Amino acid sequence: MSDPSPRTTSQAPSTDLKPETSGAGGLPQPSAAIEHHRTGARLQTERGITRISDIVVSKIAAFATKEIPGVQAMGNTMARAFGRARSLIPGASSDASSQGVAVEVGERQAAIDIDIVVYYGQSVVEVTEAVRANVINRIEGMTGLEVVEVNISVNDLYIEPPESGEQSEGSRVQ
Amino acid sequence: MTSPAAHRTVVAQAVAEAVKAVPGVARLSPGTQVEVATQYAGGKVIGVGLSAEVVFVHVVVDLLPVAPVAEAVRSAAATALASLGDRRRVEVVVEDLDLVDGRLPMSYRDLR
């Protein structure tokens with residue numbers, strides 16, 4: 001059984017969101033098997049534990065969100081404005097890869113908050129459902145953490161500027 | 001049990017494939033109002049909308065009369081759902097009628 005999750009050390013191991021009664025020491029075999037079956041990876045083993053840092057989870061969440069076609073951008077108004085300004089500075093470290101994502105990561109579970117901008121004309125319900133499903137799928141698949149909740153704020157709508165509307169009207173009179 | 005993201009995509013694609021195979025269905029349609037589609041990572045299944053209790057299928061037909069085609073669409077979608085263990089209701093919306101060579105399309109009865 002190989003563990004594909006990146007082995008990182010988190011700054012402060014936050015406590016489990018839903019603590020198990022079975023303790024960290026001798027994990028009973030049946031429960032470990034269930035854990036493995038549910039999330040596809042085992043983070044707590046008899047020979048040590050794997051911790052996954054917040055940054056890893058937020059980057060995966062951000063990429064999983066942007067994979068959905070109805071998502072135009074991520075982050076609230078302020079974050080997007082700063083992100084734009086930062087991208088104009090040459091050589092500035094742009095860590096915009098997890099903009100708009102806040103996560104809380106425990107030893108087995110993660111909770112995620114996402115801010116998105118949706119294209120005008122899209123069903124917000126459909127886009128958020130797709131984002132939620134994809135984020136859960138990606139995080140559980142890539143890290144083995146169980147995602148307990150994904151809260152999504154739709155912060156703005158993006159209205160695409162009309163494409164060459166005047167030009168086609170101008171062709172009426174030549 | 002597959003993960004929710006995989007499952008949404010599987011359901012929507014299975015319904016779309018089943019519906020496209022129905023005689024008289026020209027194509028699936030995103031509709032004229034809010035786009036009807038099921039989005040997944042990197043794309044969307046146009047014309048299939050999933051809600052908690054209902055699966056919506058929006059089609060353009062090229063066969064008359066419309067009613068039997070719509071019923072065949074509903075039946076094909078329901079069969080595809082049932083094969084995945086999904087018991088949701090199917091709602092078919094006929095969005096448009098395609099003309100064949102500038103005329104109204106042939107009758108459903110002629111096809112059989």
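The values are calculated or read from the model by the stated rules, or taken from the named source; none is laboratory data. Small disclaimer: the values here were computed from a predicted structure and weren't measured. Note that each Cβ is placed from the backbone with ideal geometry, even for glycine, and that neighbours are counted across all protein chains shown. Surface accessibility is based on the protein's heavy atoms, side chains included, excluding ligands, DNA and RNA. Shrake-Rupley method; radii C 1.70, N 1.55, O 1.52, S 1.80 Å.
Note on chain B: with a GNM built from Cα contacts shorter than 10 Å, the maximum mean-square fluctuation among B:Gly49, B:Gly85, B:Gly31 falls on B:Gly85. Taking trypsin sites (Lys or Arg not before Pro) across region B:1-98, the ones in a DSSP loop with at most 10 further Cβ atoms lying within 10 angstrom of their Cβ are B:Arg87.
Using a 1.4 Å probe on the protein chains only, how many percent of the accessible area of chain B belongs to carbon and sulfur? The partial results should precede the final answer.
Values: 3220 of 5960 Å².
Carbon and sulfur: 54 percent of the exposed surface of chain B.
In chain B, the longest principal axis of the Cα atoms and the axis of helix B:4-20 are about 10 degrees apart. Among the residues of A:98-106, the average count of other protein chain beta-carbon atoms within 10 Å of the residue beta-carbon is 0. Counted over region A:52-158, the DSSP beta bridges are approximately 40% antiparallel.
Test of understanding: what is the full-extension gain from B:Val100 to B:Val34, defined as 0.36 nm times their sequence separation minus their Cα-Cα distance?
21.0 nm
In the elastic network of chain B, a GNM with C-alpha springs shorter than 10 Å, the most mobile of B:Ala80, B:Ala67, B:Ala37 is B:Ala67. Here the calculated FRET efficiency for A:Val125 and A:Ser53, from their Cβ-Cβ distance with R0 = 41 Å, stands at 0.80, rounded to the nearest 0.05. For region A:52-158, carbon and sulfur atoms together expose 53% of the accessible surface, with a 1.4 angstrom probe and every protein chain in place. Modelled label positions at A:Leu88 and B:Arg87, each set 7 Å beyond Cα in the direction of Cβ, lie 5.8 nm from each other. Under 17 Å from a label point set 7 Å out along the Cα-to-Cβ vector of B:Ser75, the amide N atoms of region B:13-27 belong to B:18-25.
For region A:52-158, the per residue solvent-accessible surface stands at 45 Å², with DNA, RNA and ligands left out and a 1.4 Å probe.
Taken across both chains, chains B and A shield about 1100 Å² of accessible surface from a 1.4 Å probe. Amide H contacts under 5 Å for B:Tyr40: B:Val45, restricted to partners 5 or more places along the chain or on a different chain, H placed in the peptide plane at 1.01 Å from N.
What angle, in degrees between 0 and 90 and rounded to the nearest 10, separates the Cα long axis of helix B:66-83 from the longest principal axis of the Cα atoms of chain B? With both axes taken from Cα atoms, the answer is about 20 degrees.
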